[in-house]
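The values are calculated or read from the model by the stated rules, or taken from the named source; none is laboratory data. What you see is a predicted model; the values in this text were computed from it and never measured. In this analysis, Cβ positions are derived from the backbone assuming ideal geometry, glycine residues included, and neighbour counts consider all displayed protein chains. Quick note on the areas: whole protein, heavy atoms, side chains included, nothing else; ligands and nucleic acids left out. Shrake-Rupley method; radii C 1.70, N 1.55, O 1.52, S 1.80 Å.
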Amino acid sequence: MSVTHYSYGSCDTGAPPPSPDKQSEDRLSSVLQDQITENGLLDDEITTSNHNVKRRQSPSTSECIRTEQVDRPDLSAADGEEDDDDAPLPALSSLPDVRDRGYAWVTIAVMGLINMISNGYMRASGIICNAVIDTYPGISTAVTSLIIASLGTFRNILAPIVGAASEQFGYRAVMLCGALLCSAALMTAAFANNVACIVLSLGAMMGMGMSLLETPQVIVLSDYFDRRKELADSLRVAGNPIGGIILSFLFVSLHESVGIKLTFVFMSAILLQTVVPLCLIRPYHVQQKITQARKSQLTKTYSNDCEREQMKKAQIIEIHKKDAGHTRKKFDFILFKDPIYLTYIAMIFCWGLGFPHMFYFIPMYGRSINLSPTQNSTLIAYQSTLDCINRIITGMLLNRRMFEKRHYFTGCMLVGGAGICLIPFCGGFWTMICAMTLTTFCSTGFFTCLNGLLIDQFGRDNISSSYGFIRMIQGFFCAVLPPLLGLIVDVTGSFIPSFLVMGGGVMMAGICIALQPLIPSKNLINQLR
């Protein structure tokens, strides 16, 4: 590609053109801006050839223009674009910014639908374990908790690897693999004839599939959203509780009608259908190129209005500089040297004690106080409905910057943890409803605030590492805690110690984040880089 430099002088065409000189992009843009502003060049057609000079008279100036051709790297060739005009303006390669609008909301709708199906399974896990106990009599609470332990472990511990894979191979390909693996896991469970196969399929395989489906979503969110990321994230995670509403009743109904094996086959088919909407999640740079191509078609007629062209160039230069510095690290271990990030590590340890296992132990406790499967499903559906509403409202409020995310996170953890502690003291359906109302706040605060906090404090480019490491650490605890909590229930014959541990852990998670202002941060991330 050739970029033309302009110089002004007398109309003496006998002087040989100056020799080519390598110039930086910033120098090129400043020279163009100064010269066109000072001399008022309008409606000029400038043709250039290597070391050949051609003069044209501008309608708005009497000076002659001498041009020289300077060889520069072809920045637009990388995108496969060619100039359509005979005399194009110098092109500064860049792609448009398409964040916070248009197709970005399509990706949120798709991810919400995926979460509705995949996380609906997670919320119905306690009901599924009750059905497994009915199908395989004699299984203890500690044994069935292995399903939850393996599910939570593989769902979380693989997050950094999945994040790196998303950067390497693209998040759409990774999420498609996750949908296929989840479907295969449920189909395998349909033909399982012992507890080991059930734990492997409903636990390990399903956990790996859900990790592949969920972890790339935070990268998609950071790519497509900036100013409205809080609202977008709340709409994305609002699909989680909606799935709990639907799948809880659906599983109970199918189990009573056709048995557990055909129920797994039916759920496998549902998860397989998610492959179709997942294809709509385009990589961000692909959507940029599509948007640029559409704009090029709409603006095919070349405009000689110099002011408009210069405004367009200034926009392109700024976006180009912004995109040039936009690089991600697959594994950024420097995060562990930041004391603020260590508060998130402590938070996820405390959080891992409680909420992730709540949806397993609540149906188990409901069964112990003689609640029917329909009543257990109603409890999960009620909590999921309230959670969905709270997440959407919270996202709207956060988007308006009405309060600090850290303060809201802390308050939700304290209220939700108190609700979990009250559950084992409930003796009937309606008292359980009251306790479940409080527990809703811990899930709302965690899922609507965490990603925004990580992006704000550690940057968009680090989200695959900052989020992935937190999920990985949570996975280690998920491998140990559910069997341990189940063993406590078997030994003591009571759910009170287990629920107190879970509720206390959630409350401590909020306190860890509340203490951040007291920690002297030296901004180690920027210093160590």
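General observations
- For region 144-203, the solvent-accessible area with a 1.4 angstrom probe is 35 square angstrom per residue.
- Accessible surface area normalised per residue over region 400-529 is 41 Å², counting heavy atoms of protein chains with a 1.4 Å rolling probe.
- Taking only protein heavy atoms and a 1.4 Å probe, the accessible area of region 348-505 is 71% carbon and sulfur.
- Working from Cα pairs under 8 Å separated by at least six residues, relative contact order for region 118-255 is 40 percent.
- Protein accessible area in region 95-178, 1.4 Å probe - carbon and sulfur %: 70
- Stokes-Einstein translational diffusion, region 439-493 - Kirkwood Rh over all Cα pairs, 1.567 mPa s, 4 °C, in µm²/s: 97
- R0 of 51 Å, Cβ-Cβ distance THR291-LEU484: FRET efficiency to nearest 0.05: 0.50
- Theoretical FRET efficiency, 1/(1+(r/R0)^6), r = Cβ-Cβ of ASP226 and GLU256, R0 41 Å, to 0.05: 0.30
- Remark: the ALA196-PHE331 segment gains 45.2 nm on full extension, using 0.36 nm per residue and subtracting the alpha carbon distance.
- For region 367-401 versus region 438-506, the spacing of their alpha-carbon centroids is 17 Å.
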